[in-house]
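Below: one structure, written as structure tokens.
Any read-out appearing in this document is the output of simple, stated calculations on the displayed coordinates, not a laboratory observation. Note that this is a predicted model, so its numbers are computed, not measured. Reconstructed Cβ throughout: ideal geometry from the backbone, glycine too, with neighbour counts over all protein chains shown.
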């Protein structure tokens, strides 16, 4: 696997979005966790991307955006 730490944050975020979408699609297809190769590949790739983002310090910025989103968008629930 490529060294994710060497990619810029924007590329990592794009990869994270793509793999998360793929991961979600796998759940919709199987309607439960199916521990096949596709599931495991997505899971470990997502974990690697998140770890690379944490090393770059992007995680704290992302957490702030998520907290703001939840405050604004989920406050009416």
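Can you give the extra length, in nm with one decimal, that the chain gains between residue 9 and residue 22 once fully stretched, where that is 0.36 nm per residue apart less the Cα-Cα distance? Can you show the working numbers first?
Values: separation 13, 0.36 × 13 = 4.68 nm, distance 1.98 nm.
Gain on extension, residue 9 to residue 22, equals 2.7 nm.
Apply 1/(1 + (r/R0)^6) to the Cβ-Cβ distance of residue 39 and residue 72, taking R0 = 25 Å, and write down the FRET efficiency to the nearest 0.05. Don't skip to the end; give the middle numbers.
Details: r = 32 Å, r/R0 = 1.30.
Between residue 39 and residue 72 the formula returns 0.15.
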